[in-house]
Structure formats: structure tokens, C-alpha cells
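The values are calculated or read from the model by the stated rules, or taken from the named source; none is laboratory data. The structure displayed is predicted, hence computed values, not measured ones. Neighbour counts are summed over all protein chains in view; Cβ atoms, including those assigned to glycine, are modelled from backbone coordinates with ideal geometry.
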Amino acid sequence: MEIKVLGTGCPKCKALENATREAIEKNSIDANITKVTDITEIMKVTMTTPALVVDGKVVVKGRVPSVNELTELLTK
Amino acid sequence: MNTKIFKSGRTRFVILLLPLWFLTYHFLQPATDWITDDLLKLTKGAHFTETFRFFIFEVPKVMLLLVLIIFAVGIVRSFFTAERTRKALEGRKTFTGNVMAAALGIVTPFCSCSAIPLFLGFVESGIPLGITFSFLIAAPMINEVAVILLYGLFGWQTALIYVVTGLFVAIIAGWIIGRLKLEKWVEPWVYEIQTGEQDENLEKLTFETRIGMGFDAVKEIVGKVWLYVVLGIAVGAAAHGYVPEEFMASLMGKTTWYSVPLSILIGIPLYSNAAGIVPIVSVLIEKGASLGTALAFMMSVIGLSLPEMVILRKVLKLPMILTFIAIVGTGIMLVGFLFNYVF
């Protein structure tokens, strides 16, 4: 699956990226993570950062869920 | 699912912790006195004793307040999103819009790194510049940490005065910025931003998730400010015990008219967070600084911060930033003079 982490580089955005990577590695999910830091690109999707986009759909925004919760979101 | 047990465990954890919180808070004063007078047998009224007593009472008290209220605010904020706030502000008339924007600025989750996307989102959906600014002024200035510390160290009256005058400054300053028609001072690329279909109800948050967000808020904010609180109270405690009464009266008293504008100017580059500044200001007042001057100083330190200006420079031209500082600064000054005059 295609995962995008949207954020301009604030601490929360990094935390979300790390948590997502951890969830993927733990559950050996086949996914491709890209980071989107360009504000014009982010604005096309959401105005609340950080956000997590899975296969074109926003699943999380404005918060950093726990690795457990992310696992649930990604394996659904 | 073991995640479910984990989550409901957190709710149970909160129910268990609440009575413990109230007990600790209730017995803090007697416990402090017992440690100071009976356990350590310090001489009552001596400089060191009173400094010590102040410190070991205020630090746990403020920490307890911070944890409880930030937790509650974290849950309240889970009901507000920038998208919802924007929707509420769309198409509002000038004055009503300013009032709503300032009020929503208090409850909408906001950090300095979300200022730009928020600004872009507001402008894109046609919310007037003045209303956007009412939001951008209120959001950082009236934050929960400042209000909790004011409540803890000054009492609820001062906390309320701070919130009300902060709202007033945000509403009026935003309204004036709107009247001045300063759109030409917004960077042109801002108006070229295209936003896509942003679906609103993507997440149905459960109660457990909201409790979790409360916990996250506590971890994040208390983790960030606790050191400033301890340091601020330590400086405050030392001054409380050792600096003579009325020491600040000549410098920051109400009879020196220039004390208000001077404190605001000093406050702009001083970017301490609320956690560090409020305990120090509380002692300034105790030593003779007037409420108006102290209030103006605090609003300037918290509300007009240099790092935020640097961030906003990406979307606003320099004259706009300077106008913004001038208008908000004048508003704060009026508040300062008013309180020096009334009290």
C-alpha cells in the first residue's frame, strides 16, 4: 500500500512518521512510505498537520496515534 | 483484542486517579507546613524558610493543576478541528466573525507549526484577513498553560481578566486589520493555493481515543514545560523570600507611565513560554509592580513572539508583520493603562 506522511517538519510530524514505520516493520506490512513536506502539496489534502494518507485516503490528522492504533488502522 | 483492554484500562485509570488528585491537592498546604515547621523545624518567618515553603508548595500545586486541566483541555480539543473552525467562520460578518474567531482560537488545537497551513486554509476559503488575525492572535495568547498558571498563582479573578482582555485585544486588533484592507501585504502565492476536497468526517473518535488524546496532551505539554515551571517558581520563590516589599514599585508601579510600553517592548523578543514567565510576574506584583504593567508584560511575552513572526513571514510581507505587531502592541498597551488606572 501507498502511505504518505504529511507535515512541514514539526516534532509531531516526525513522531507520526516514526510510529508509522514502527507499525509497518512490526507487522511486516508491505507498504511504501513517502514524506510530503511541501506546503502547497499538503494543502491539497488537509490543513491539519501531521496527517497520514493511506492509498489516497486521509486516515489520521492532527494527532499522533500509538503504534497499536496505527497497526489497527493499517491492517484493517 | 488486547488493544481494547489497554484502552478501557486507561479510562479506569483516570477514574482511579481523580480522587487521588483531589486528596493530594487538598492536603498540599498542611503537608507543606508540616514539612517546613515540624519535620525540618525551620525558623518561621526567616528568609530561607519562606522561600523554601513557597517553592515546595507552589511546584506540586502548579504541576497538579497543569496535569488535570491540560488533560481536560486535551479531551475538549478532540471535539474541535481546524476544518470545523474554518467551516464555522465561513461567510461570517466582520464583527461577529472576529468575536467567533477569537473564541475558537482558544479551543482549536494550535501550535506554531500549524499556523501556516491554518492561515492558508482560512484565506483559501474566503475568510477575511481580519477574522483570520483575530484567530491568530487569540490562539497563542490565551493558552491553557498561561491560564492555569495565572489561576494557580494569582487566583481566578486574574485568570479571568487575562482571558477577557486577551479576547478583547484579539477581537479589536483583528477588526482593525480587517478595516485597513491589507490584503496587498499578503504574499501573492498564498492566493494561488488550491485545496482539494477535504472530507470532514473521516475519523469517528471513540471516547477511549479522546481519553488517550488527553493523556497525549499531558505528556506533550507537561513534558515540555515542567522545567520552566520549576525554574520560574524557583526564581519566584527566591524573590519572594529575599527581595524587599515595594522593590518593583518605582520601576513597574502605576505611577511610572512609561512602564507599560517599556514592558511590552521588552516582552516581544523575550520568548519565554507562559510556564516560565507567570511565576516570575506573580512575584513582580507581590513586590509592588502594578497589575496593568504586569499584565501587559505577560501578554507581550506570550502573544507577540518573535519565532511566530518569523513563521508568519512566509505568508505575510514585512510591513504586514510590523503593522500586526504595532496594532496588537497598542491593544495590549491600552489594557495595561486601563488596569493601572482602574486598580
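Taking the range A:43-75 as the range and being out of contact with any helix residue (DSSP H, G or I) (no Cβ under 8 Å at 6 or more places or on another chain) and away from chain B (no Cβ under 12 Å) as the test, only A:D55 passes. B:V123 satisfies every condition listed in (1) at pLDDT 90 or above; (2) among the hydrophobic types (A, V, I, L, M, F, W, C); (3) surrounded by 18 or more Cβ atoms within 10 Å (Cβ to Cβ); (4) in contact with a strand residue (DSSP E or B) (Cβ under 9 Å, 6 or more places away or on another chain) except (1).
B:I161 meets each of the listed conditions (1) farther than 22 Å from B:F324 by Cα; (2) touching a strand residue (DSSP E or B) at 6+ places or on another chain (Cβ under 9 Å); (3) of a type outside the set (F, W, Y) apart from (2).
Of all the listed residues (A:T40, A:T8), the sole one being within 11 Å of another protein chain (Cβ to nearest Cβ), without any contact (Cβ under 8 Å) to a residue 12 or more places away in the chain, of a type in the set (S, T, N, Q) and more than 21 Å from B:R210 (Cβ to Cβ) is A:T40.
When B:T11, B:T43, B:T32 are screened for being in contact with a helix residue (DSSP H, G or I) (Cβ under 7 Å, 6 or more places away or on another chain), of a type outside the set (K, R), touching a residue at least 12 places away in the same chain (Cβ under 8 Å) and over 29 Å from A:E72 (Cβ atoms), only B:T32 passes. Can you confirm whether A:I3 is within 11 Å of another protein chain (Cβ to nearest Cβ), surrounded by 15 or more Cβ atoms within 10 Å (Cβ to Cβ) and in contact (Cβ under 8 Å) with a residue 12 or more places away in the chain? Here the answer is no, as A:I3 does not meet what is asked.
Looking at B:F122, is it within 23 Å of the chain's Cα centre (by Cα), assigned to a helix (DSSP H, G or I), under 20 Å from B:I325 (Cα atoms) and aromatic (F, W, Y)? Criteria not met by B:F122.
Selection of the range B:95-118 for residues being at pLDDT below 90 and either within 18 Å of B:P307 (Cα to Cα) or surrounded by fewer than 16 Cβ atoms within 10 Å (Cβ to Cβ) (or both) yields B:F110, B:C111, B:S112, B:C113, B:S114, B:A115, B:I116, B:P117, B:L118. Does A:N27 satisfy the condition of being at the interface with chain B (Cβ under 8 Å from one of its Cβ atoms) and farther than 17 Å from B:E124 by Cβ? No: the conditions fail for A:N27. Here is a check on your reading of the model: is B:V107 within 21 Å of B:G223 (Cβ to Cβ) and in contact with a helix residue (DSSP H, G or I) (Cβ under 7 Å, 6 or more places away or on another chain)? No, not satisfied. Elements of the type helices (runs of 4 or more DSSP H) sitting completely within the range B:272-343 and holding at least 3 residues that are buried (at least 24 other Cβ atoms within 10 Å of the Cβ): these cover B:274-286, B:291-303, B:318-342.
In the range A:1-13, what residues are over 13 Å from A:T75 (Cβ atoms) and modelled with pLDDT of 90 or more? Result: A:E2, A:K4, A:V5, A:L6.
So that you can scan it fast, the table gives a plain yes or no per residue for (1) modelled with pLDDT of 85 or more; (2) closer than 20 Å to B:F110 by Cβ; (3) within 14 Å of another protein chain (Cβ to nearest Cβ):
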| position | (1), (2), (3) |
| --- | --- |
| B:L182 | yes, no, no |
| B:E187 | yes, no, yes |
| B:L205 | no, yes, yes |
| B:F215 | yes, yes, yes |
| B:V229 | yes, no, no |
| B:A234 | yes, no, no |
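The numbered conditions (1) surrounded by 17 or more Cβ atoms within 10 Å (Cβ to Cβ); (2) more than 14 Å from every other protein chain (Cβ to nearest Cβ); (3) in contact (Cβ under 8 Å) with a residue 40 or more places away in the chain are all true for B:A249 except (1).
Out of all the residues in the range B:82-98, is one or more over 20 Å from B:W175 (Cβ atoms) and of a type in the set (G, A, S)? Yes, that holds for at least one residue.
Selection of the range B:61-87 for residues being under 16 Å from B:L153 (Cβ atoms) and surrounded by 22 or more Cβ atoms within 10 Å (Cβ to Cβ) yields B:V62, B:L66.
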